[in-house]
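So the structure is just underneath, and the comments pick up after that.
Where a number appears in this text, it was derived from the coordinates with a stated rule and is not lab data. These numbers were taken from a predicted model, which means no experiment stands behind them. Cβ placement follows ideal geometry from the backbone for every residue including glycine, while neighbour counts extend to all protein chains displayed.
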Amino acid sequence: MYQGVIISGFGGQGIISAGILLAYSGMVEGKYVTFFPAYGAEMRGGTANCSVVVSSEEVASPVVAHPDTLIVMNEPSLLRFEPSVKSGGLLLLNSSLVSAKPKRDDAETVFIPANSIAEKIGTIKVANMVMLGAFAKKTGAINIDSIIKTLPKVYTKAKEDMLKKNEEALRKGMEV
């Protein structure tokens, strides 16, 4: 099993922390993982993306040039990364912020109103977890219970209420 993922969006959307959580969850499951963040100097509001590899075999490079899955949190990320997705790959689009339709017809596209779902949970901050829940369900690369177990280890300063909202968002993402 090999799953190369790019997660991309605006700084402040939890792109990097979602990547860390995904990689850490893979480690908890005994898988080989890599995590490679990239973000602009402006941080919040600028662009942010990360590459994550989750594999049952050793990983040669942390760079994911042609992802199996692209998780898109904003429209500029779709424009930038859509061409790189492998044929037969998966596009998970935050349809709350992405109105453009993908140009690719050789990849599966799933539209997820992540911001809308997060707002119903009570905070926009968990939109990234909605997307990770959908990723876990669609790919099977990571078990949702591993992600939930890992939440307090990655979000060490989060209060119990916020951890519960993150878990709820992950579960809602699996329902999409």
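Arranged from fewest to most other beta-carbon atoms within 10 Å of their beta carbon, 150, 156 become 156, 150.
In plain terms, the residue of 145, 105, 161 with the fewest other Cβ atoms within 10 Å comes first and the most crowded comes last, giving 105, 161, 145.
Listed by chain and number, the aspartates and glutamates placed with their C-alpha closer than 13 angstrom to that of residue 101 are 75, 82; residues fewer than eight positions away on the same chain are left out. Close amide-amide hydrogen proximity is noted between residue 109 and 91, each under 5 Å apart and 5 or more residues distant or on a separate chain (H modeled in the peptide plane; Pro and chain starts excluded). The tail of the calculated P(r) for the chain beyond 20 Å holds 46 percent of all Cα-Cα pairs.
Computed 3J(HN,Hα) for the range 129-146, one whole-Hz value per residue from the Karplus formula 6.51 cos²θ - 1.76 cosθ + 1.60 where θ = phi - 60°, is 6, 4, 5, 5, x, 5, 4, 4, 5, 6, 9, x, 5, 9, 7, 4, 5, 5, glycine and proline marked x.
Each residue, residue 61 and residue 80, gets one label point 7 Å from its Cα in the Cβ direction; the gap between the two is 1.9 nm.
Look at 24, 155 and count the other Cβ atoms within 10 Å of each Cβ; fewest to most, that gives 155, 24.
Put a dot 7 Å past the Cα of residue 1, heading toward its Cβ, do the same for residue 108, and the two dots end up 1.5 nm apart. Between residue 175 and residue 160, how many nm apart are label points set 7 Å from Cα along the C-beta direction? Simple spin-label model gives 2.4 nm for this pair.
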